[in-house]
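> One structure follows; several queries about it will come next.
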Amino acid sequence: MNNRIAVIVCCGLFSLLGVLPAKGQTIMNGQVTVQNLSVSRSDDKLFISMDIDVSALKVGSNREVVLTPALADGDNTLSLPAVLIAGRNRYYHHLRNDKSRPETTMLYRRSEVSLVEYRTVVPYDKWMNTARLVTLNEICGCCSETLAGDKEPLLALQLEPKAFAPSFVYIRPKAEPKINVLEGSAYIDFPVNRTEIHENYRRNPVELQKILTTIDAVKNDVDTRIIALNIKGYASPESPYSNNERLAKGRTHTLKEYVRKQYNFPESIISTDYEPEDWAGLERAVEKSDLQNRDAILALIRSNMEPDAKEWKIKKTYPADYAWLLKNIYPGLRHSDYAVKYEVRAYTDVAEIKRLLKTQPQKLSLNEMYLAAQEMEPGSDEYNETFSIAVRMFPNDEVANLNAANTAMRLRDMKNTERYLAKAGNSPQAIYARATYAALQNDFDTAKQ
């Protein structure tokens, strides 16, 4: 027979299904020995391999022996390619009349063969999991006369369902400039209706120091360079809008000059903006409050009334609530927000990147974290933690979320996998990752789609 049963080296997704002991199994009353029998499968194929020793087989010149392996389980039977061992006359008869036998049958002349290396491949079906591998042995004479026949068992299969073994595809992030921003708010006290700063006035020493400390954190780091500083001043809604505009603008300019002189910054580095009345901040505060007239006050705040008319309406209509706002909320609306924009130098030394991952991950780009991960053992704690840090530092980045999803799937953390995949975008790799996630959930229909 055409021995096409492939011996499978079991690795990756292939699983070894059955192996006959090396000493072999005899059939046909001990005349034939089957050795090295193995059955294995891939996704959709079954591989059968055996060595058939026919050295002790006696076949007359006008006789032939046909060995036909088959898989059988209940009502299901699949005949495999046959092996035909013929005596001299029958051998030449078949050569002259090759149409008299199936194309898949392998013909041997007995005097010229002692060992048949049988290899075959057939489509896999689930019923084969518990099938029996048998062989139908026939002794035939001339004119295709069957003189004797017998079916003998070779192996009972116990095929395990093939486990899904996912492959995780990570993406290397693009190398980009590392521009970061440090932000904060300071509550500078100014004398009533004045715009000049008194450094020791009330809580100003602490509030001014907050700004300077933020700037120093960047300026004193040899790995960073300040590229911009922005200050935006806000005033609270009481008193005329025009006066609040003057105060917000003037106080913001004064604070800018104070900061610039502390560091001798060039004029071009610092930019300013101002909001005459912080109605957005007032709205947020009222939303969180339990004021008696909370909803009515919110409706006025959100109305299209002019600022002065709006503030007067709240004051006159709800005096008790207004007094509470004036005392507890309005002081916090007089603030200066500041943002320090800076650039971090690039890192190429993997050892340095690994150190920063543990101490200052905010200095690293996604690309640098990825470079370090390539020097780690895939699936190791260090490797997994690197991608976890990456998504914490860049929570809305699609590549960071995709790579984190792959790591979570590797750990079978399906809850976080789902969360990361929701923000992983629609790249081919992200679509593949969602298919892998579905397959790990045994939802193979979705995975195939």
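The values are calculated or read from the model by the stated rules, or taken from the named source; none is laboratory data. Quick caveat: nothing in here was measured; it's all calculated off a predicted structure. Positions of Cβ are generated from backbone atoms using ideal geometry, with glycine treated the same way; all protein chains shown enter the neighbour counts.
> Which condition does ASP295 not pass, out of (1) surrounded by 15 or more Cβ atoms within 10 Å (Cβ to Cβ); (2) assigned to a helix (DSSP H, G or I), if it passes all the others?
(1)
> Which condition number does GLY233 fail, the rest of (1) farther than 30 Å from LEU71 by Cα; (2) surrounded by 18 or more Cβ atoms within 10 Å (Cβ to Cβ); (3) at pLDDT below 90 being met?
The single condition GLY233 does not satisfy is (3).
> For the structure I just gave you, tell me whether LYS58 is exposed (fewer than 14 other Cβ atoms within 10 Å of the Cβ), over 16 Å from LEU133 (Cα atoms), at pLDDT below 90 and basic (Lys, Arg). Spell out how you get there, then give the answer.
Values: exposed (fewer than 14 other Cβ atoms within 10 Å of the Cβ): yes; over 16 Å from LEU133 (Cα atoms): yes; at pLDDT below 90: no; basic (Lys, Arg): yes.
No, not satisfied.
> While we're here: In the range 159-171, is there at least one residue being touching a residue at least 60 places away in the same chain (Cβ under 8 Å), outside any loop (DSSP other than H, G, I, E, B) and within 30 Å of VAL344 (Cα to Cα)?
no
> Ok, one more. Among the residues of the range 37-55 satisfying the criterion of being outside any strand (DSSP E or B) and not small (Gly, Ala, Ser), which is modelled with the lowest pLDDT?
Just the residues of the range 37-55 that are outside any strand (DSSP E or B), to begin with: 42-44, 54-55.
Retained after the next criterion (residues that are not small (Gly, Ala, Ser)): 43-44, 54.
Values: ASP43: 76, ASP44: 85, VAL54: 94.
Only one residue tops the list, namely ASP43.
> Hey, another quick one. Just the residues that are under 24 Å from LYS249 (Cβ atoms) and of a type in the set (Ser, Thr, Tyr), please, taken from the range 193-226.
Across the range 193-226, the qualifying residues are THR195, TYR201, THR214.
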